[in-house]
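Trainee: Let me begin by handing over the structure; questions about it come next.
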Amino acid sequence: MDYDAIGLVSGLEIHQQLDTRTKLFCGCPTVVRPVEEHNGEFCRYLRATASELGEIDRAAEEEMKQVRRFRYLAYDTTCLVENDDEPPSPLNEEALEVTLEVARTFGMTPIEQIHVMRKLVIDGSNTSGFQRTALVAVGGVLPNGGVVESICLEEEAAQRVEESCFSLDRLGIPLVEITTSPCLRTPEEVQETAAYIGMVLRSTGKVKRGIGTIRQDLNVSIRDGARVEIKGVQELDLIAEVVRREVARQQGLLAIRGELLARGATVEDGATDVTDLFRGTKSSVLKKAPVVLALRLRGFAGLVGRELQPGRRLGSELSDYAKKCGVGGIFHTDELPAYGVTADEVARLRHELGAADEDCVVLVAAPRQIAECAVRQVVRRARLAFEGVPEETRKMLEGGSSAYMRPLPGAARMYPETDVLPVAITPERWSAVRAPELLTEREKRYAAEYDLSASTAHQLAYSERLPLFEQAVGCGLQPGLASRTVLATLKELSRDGVDIGLITDDQVIAVLRAVEAERAAKEAVPDLLRAVADGATVGEALAACAPAVTGEDLAAIVKRIVAERADFVRERGMGALGPLMGVVMAEVRGSADGKKVAGLLKDAIARVLG
Amino acid sequence: MTALLSGDRVACTVGPTNLTGTYITDRDGMRVVKLDSGYNIGVDPARVTFLERIPAAPSPGVEAAQDPDLPELAIVSTGGTIASRIDYRTGAVTSQFTAADILRAIPGLGEIARYRTQVLATILSENMTPALWQELARAVHGAIRDGAAGVIVTHGTDTMAHSAAALAFMLSTPVPIVLVGSQRSADRPSSDNVMNGVCAATAAVSDLGEVAVVMHEGPSDDRCAIHRATRVRKLHTSRRDAFASVGSPSLGTVAYPDRTVELAPGAVRRGARPLALDDRLEPRCGLVQFFPGMEPAQLDTFTGYAGLVVAGTGLGHVSTPCIERLGALVKNGTTVVMTSQCLYGRVCDRVYDTGRDLLACGVIEGATMLPEVALVKLMCVLGRTRDPGEVARLMQADLAGEVLGRTPHGL
């Protein structure tokens, strides 16, 4: 597709959790816990409040359509700050330092006096009803010429456990938010830029790793479309696809707009109560609903059911809006008869509403108040179809399509966090901030300094256990052995179901030191680490897996084995080396180095052959 | 150069970046600007330029609807976090809402009652004074006399319990008088002001007939506790459920959001007592906490005071050197009442020598009274009589639930 021609403009917002010792505004550790370990819970209601300008944010207001009770799970690693029962501590200096390092890398200018703000978020993910966030630096550049608009330091939200239940372990983990200007012009460019920014973040060595620790929000618009923010893209590889699908959605909506205008379609207020019509229906949803309301959309037939993205239609958009009132979804005649609704019922419905063939009828089934709210929302969204693409915040669905979340938030959702004092970034402080060595540079350095292949160096630089490699070579271990352990051995163990998270870096290093001191063979490393993961100390593992075989013992073993198989050796010549290796290694159970065994065997075979 | 006013449109530069926003205030030598993105930043004044003056928008004047079929409650506002707003000048949360603003801030109130409101003060509760207690008692008395079915007093939480005790000693009431506040500022979506306010109004139209504090019972938004004015204490600096009844059960609960009221058997019922006001008060009273090694001379500060409450150790003790000074104070005409830092339990100065020496000096045992409740009571009692025997009798008598005839177990 010619993205230039359709006027694609895209920007990125990248959120990355930091791996700091404590949370952003309290002394709790930044650990995520299994839900079943929670040791307390409580319930709260949230309510939008007027900002300092006396306005209620439109996104917050949308969330308020339902008064919801939220349940929160607390842990022995969370405190009253997460409970919103204690004022926050001062801003975490370690987190600020990492943020400044990233700002330095992008060539940004720090804010002289940082003010922590409260960003209203009343979907329950923050106990306070707001997310604390601070603008730290502005005006950065990307290698592709793009602009990094800002870098903010904010607190991570609580993790949703289910519908309205949240886990407080994640709440308050420092989060860096990097926002680019809308400077990206193709889906691929968006993805590449996200990858680059992710690389810069990882270069600090202070970011969390693993699924969910980095999230990308995408801003996408095309000419005549509108700015749409898609939140929560967790997989880098999906970014380009998400952009492509959003482009398709906006094009689809623009096409629908054109047809609606051409048809002279209209949306009228007011629904018809058709509860009686579905008294005897086979659709259980309609049958058990206290009230069924029907809304006629003149001239919408065929368009409500038109696919905009894989699995997503205009009907899905209407449904997303209706869901804000608490309904599970809607029915519309573009997809009926189905779901237990018969052709006869559809015909009677159309008749009742005076709906012509070119009209679409939407059904909402719920208690009256909720159903009326849902109808108003459907009317609202249907009217927006005449404008084309509404400005929205959307959430990514599996595969790369997206669903409506709320309107784009305005500036009214921000007001000062008065419990946290501003922080000055003095020129002295800023001049002491150093950009981290980028992983791309580190990769080159590894290849040169440690004589590693380009691909090994690359894998090491991006490995989660990079600090282990650094520590290993730092204490004089062979880079080859260290890199094999980090890149191959640990991965293989993990694939075999060993919980390698239980093996500390220090334990790995102790094992590797034993290998270099010839107290164990390289081949024994997997078994040793496996034993350590099972709870053994390194000393116990060495004793159990690899009783030391001295050079003398080994020589004797080799001599005996070759002598016992002298005929075989004479028959095969040097070809006997391979099979005999197996015999010797089995006997020493990995406690001798393969290379050494091979050397001794070669000598012994040569002697037999004369 | 134009002097900037809060609300002016301004431009500023951060390095090579040009930004626009709204000027908020000056702070620590920096201009605080709210950027168009919503973020506040502090910028060197030299890098901020005036763009345009925007006329202040009229404040949203939403009138609270009143249902004539509902009972009428009086809201007397003294300030506090239940009605707070952000101050542009300092960036701090301050009390500045009127009682009418509270109605706007707490939507559910309109379903419970009609309201008339009176702003007695807009202060943080640490600035409360005995003179204001008297004014408050008169205002509440006036409201009840004028037919209020109950009174809600909004109050900062720090000294809410003191004011509650003062009202309990100065007023005899046939209707509920409910003090309420919030621990988390009213500007946040999670504020406890809504639930506390709704529960307070519910308690104020209930069958209760005494002065009470109504605040969160636990960390959840599911129930408020109704505490007796003379048994309640703030026991946590920040938690929503900071208030607790000490040494006696609470008077009941109000469930949220369904507003079910449950009153304990011991709660005084609506109409059980006539309306009466005795606002006499002797403010020259003090409260001192004894500590190991306290210099007796520190007690001389209270020479000439009408009354002094001592928060002693354990059963109600101070060191031997301090006993002597207290004796001198008593001789000099100061009424001295002994309470305990333990908070829970009864003062008994007949067990140990130091205690018996205190009694011999004329120190009055404060029974089960919380130290600050004893102080407020002493002010009231000394406002009514100076006869030493009568003062001692009244201090040990139960006037408003502060002196427990029996010390219940299990609390």
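Trainee: Considering only the stretch A:360-378, state which residues are part of a helix (DSSP H, G or I) and either touching a strand residue (DSSP E or B) at 6+ places or on another chain (Cβ under 8 Å) or of a type in the set (Val, Ile, Thr) (or both). Talk me through it step by step, then tell me what you get.
Mentor: Taking the stretch A:360-378 first, the residues part of a helix (DSSP H, G or I) are A:368-378.
Passing the criteria: A:368, A:370, A:371, A:372, A:374, A:375, A:378.
Trainee: Which residues, taken from the stretch A:222-253, are closer than 14 Å to residue A:402 by Cβ and polar (S, T, N, Q)?
Mentor: A:234, A:250
Trainee: For residues that are among the hydrophobic types (A, V, I, L, M, F, W, C) and assigned to a loop (DSSP other than H, G, I, E, B), scanning just the stretch B:244-254, find the one that is nearest to residue B:375 (Cα to Cα). Before the answer, list the steps.
Mentor: Of the residues in the stretch B:244-254, the ones among the hydrophobic types (A, V, I, L, M, F, W, C) are B:244, B:246, B:251, B:254.
Those left that are additionally assigned to a loop (DSSP other than H, G, I, E, B): B:246, B:251.
On the way: B:246: 16, B:251: 23 Å.
Within the stretch B:244-254, the match that is nearest to residue B:375 (Cα to Cα) is B:246.
Trainee: Something else now. Among the strands (runs of 3 or more DSSP E) confined wholly to the stretch B:188-243, which include 3 or more residues that are at pLDDT 95 or above and out of contact with any helix residue (DSSP H, G or I) (no Cβ under 6 Å at 6 or more places or on another chain)? Steps first, please.
Mentor: Details: elements: B:211-216, B:223-228, B:232-234.
Filter on the stretch B:188-243 gives B:223-228.
Trainee: With respect to residue A:287, is the statement that it is surrounded by fewer than 22 Cβ atoms within 10 Å (Cβ to Cβ) and more than 40 Å from the chain's Cα centre (by Cα) true?
Mentor: On the way: surrounded by fewer than 22 Cβ atoms within 10 Å (Cβ to Cβ): yes; more than 40 Å from the chain's Cα centre (by Cα): yes.
Criteria met by residue A:287.
Trainee: I want to confirm something. Restricting to the stretch A:465-482 and keeping residues that are assigned to a helix (DSSP H, G or I) and among the hydrophobic types (A, V, I, L, M, F, W, C), which single residue is nearest to residue A:504 (Cα to Cα)?
Mentor: Within the stretch A:465-482, the first condition is being assigned to a helix (DSSP H, G or I), and the residues that meet it are A:466-474, A:479-482.
Still in the running and among the hydrophobic types (A, V, I, L, M, F, W, C): A:466, A:468-469, A:472-473, A:481-482.
Values: A:466: 13, A:468: 9, A:469: 12, A:472: 12, A:473: 16, A:481: 17, A:482: 14 Å.
My answer is A:468.
Trainee: Being of a type outside the set (A, V, I, L, M), surrounded by fewer than 23 Cβ atoms within 10 Å (Cβ to Cβ) and more than 14 Å from chain A (Cβ to nearest Cβ) is the filter here, so list the residues in the stretch B:190-223 that pass it. Let's see the steps before the verdict.
Mentor: Initial filter on the stretch B:190-223 (of a type outside the set (A, V, I, L, M)): B:190-193, B:196-197, B:199, B:202, B:206-207, B:209-210, B:216-223.
Among the residues that remain, those that are also surrounded by fewer than 23 Cβ atoms within 10 Å (Cβ to Cβ) are: B:207, B:209, B:217-223.
Across the stretch B:190-223, the qualifying residues are B:207, B:209.
Conditions tested, residue by residue: (1) farther than 29 Å from residue A:600 by Cβ; (2) in contact with a Gly (Cβ under 9 Å, 6 or more places away or on another chain).
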position: A:467; (1), (2): yes, yes
position: A:471; (1), (2): yes, no
position: A:477; (1), (2): no, no
position: A:485; (1), (2): no, no
position: A:488; (1), (2): no, no
position: A:508; (1), (2): no, no
position: A:544; (1), (2): no, no
position: A:564; (1), (2): no, no
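Trainee: For the stretch B:304-317, what are the residues that are within 16 Å of residue B:362 (Cα to Cα), touching a helix residue (DSSP H, G or I) at 6+ places or on another chain (Cβ under 7 Å) and in a loop (DSSP other than H, G, I, E, B)?
Mentor: Matches in the stretch B:304-317: B:306, B:316.
Trainee: Regarding the stretch B:181-189, can at least one residue be identified that is within 14 Å of another protein chain (Cβ to nearest Cβ), on the phi < 0 side of the Ramachandran plot and free of Cβ contacts under 8 Å to residues at least 60 places away in the same chain?
Mentor: Among the residues of the stretch B:181-189, at least one is within 14 Å of another protein chain (Cβ to nearest Cβ), on the phi < 0 side of the Ramachandran plot and free of Cβ contacts under 8 Å to residues at least 60 places away in the same chain, which makes the answer yes.
Trainee: Does residue A:300 fit the bill of being aromatic (Phe, Trp, Tyr) and over 39 Å from the mean Cα position of the chain (by Cα)? Quick ask: steps written out before the conclusion?
Mentor: Working: aromatic (Phe, Trp, Tyr): yes; over 39 Å from the mean Cα position of the chain (by Cα): no.
For residue A:300, the condition - aromatic (Phe, Trp, Tyr) and over 39 Å from the mean Cα position of the chain (by Cα) - is not met.
Trainee: As an exercise: evaluate residue A:539 against (1) loosely packed, with under 14 Cβ neighbours inside 10 Å; (2) among the small types (Gly, Ala, Ser); (3) in contact (Cβ under 8 Å) with a residue 24 or more places away in the chain; (4) under 22 Å from residue A:509 (Cα atoms) and give the number of the one condition it does not meet.
Mentor: (3)
Trainee: Would you check which residues across the stretch A:460-486 are farther than 14 Å from residue A:205 by Cα, within 30 Å of the chain's Cα centre (by Cα) and either surrounded by fewer than 20 Cβ atoms within 10 Å (Cβ to Cβ) or not assigned by TED's automatic domain parsing to the domain that holds residue A:518 (or both) and list them?
Mentor: Residue satisfying the conditions is A:484 alone.
Trainee: In addition: Restricting attention to the stretch B:226-249, which residues are buried (at least 24 other Cβ atoms within 10 Å of the Cβ) and more than 14 Å from chain A (Cβ to nearest Cβ)?
Mentor: Passing the criteria: B:226, B:227, B:228, B:229, B:230, B:231, B:232.
Trainee: Checking residue B:394 against (1) at pLDDT 95 or above; (2) among the hydrophobic types (A, V, I, L, M, F, W, C); (3) closer than 25 Å to residue B:291 by Cα, which single condition isn't satisfied?
Mentor: (3)
Trainee: Let me ask you something else. What is the number of the single condition among (1) among the acidic types (Asp, Glu); (2) in contact (Cβ under 8 Å) with a residue 24 or more places away in the chain; (3) under 27 Å from residue A:123 (Cα atoms); (4) more than 14 Å from chain B (Cβ to nearest Cβ) that residue A:451 does not meet?
Mentor: (3)
Trainee: Still on this structure, I have one more. Would you check if there is a residue in the stretch A:281-300 being under 22 Å from residue A:399 (Cβ atoms) and either of a type in the set (D, E, K, R) or part of a helix (DSSP H, G or I) (or both)?
Mentor: Of the residues in the stretch A:281-300, the ones under 22 Å from residue A:399 (Cβ atoms) are none.
Within the stretch A:281-300 (the criterion being under 22 Å from residue A:399 (Cβ atoms) and either of a type in the set (D, E, K, R) or part of a helix (DSSP H, G or I) (or both)), the answer is no, since none of the residues qualifies.
Trainee: Name, by its number, the condition in (1) more than 8 Å from every other protein chain (Cβ to nearest Cβ); (2) within 30 Å of residue B:221 (Cβ to Cβ); (3) buried (at least 24 other Cβ atoms within 10 Å of the Cβ) that does not hold for residue A:123.
Mentor: Unmet condition: (3).
Trainee: Report, by residue number, each residue of the stretch A:29-45 that is more than 14 Å from chain B (Cβ to nearest Cβ) and assigned to a strand (DSSP E or B).
Mentor: A:29
Residues checked against (1) within 12 Å of another protein chain (Cβ to nearest Cβ); (2) in a helix (DSSP H, G or I):
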residue: A:73; (1), (2): no, no
residue: A:79; (1), (2): yes, no
residue: A:83; (1), (2): yes, no
residue: A:88; (1), (2): yes, no
residue: A:94; (1), (2): no, yes
residue: A:98; (1), (2): no, yes
residue: A:103; (1), (2): yes, yes
residue: A:118; (1), (2): yes, no
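Trainee: Counting only residues that are within 30 Å of residue A:115 (Cβ to Cβ) and either loosely packed, with under 15 Cβ neighbours inside 10 Å or small (Gly, Ala, Ser) (or both), which one in the stretch A:1-28 is farthest from the chain's Cα centre (by Cα)?
Mentor: Taking the candidates together, the pick is A:27.
Trainee: Additional query: Give the residues of the stretch A:258-279 that are small (Gly, Ala, Ser) and in contact with a strand residue (DSSP E or B) (Cβ under 9 Å, 6 or more places away or on another chain), sorted by residue number.
Mentor: Correct list: A:264, A:265, A:270, A:271.
Trainee: Please work out which one of (1) surrounded by fewer than 18 Cβ atoms within 10 Å (Cβ to Cβ); (2) free of Cβ contacts under 8 Å to residues at least 40 places away in the same chain; (3) in a helix (DSSP H, G or I) is the condition residue A:555 fails and give its number.
Mentor: (2)
The values are calculated or read from the model by the stated rules, or taken from the named source; none is laboratory data. Computed from a prediction, not measured in an experiment: that's the story for all the values here. Please note: Cβ atoms are built from the backbone with ideal geometry, for glycine as well, and neighbour counts cover all protein chains shown.
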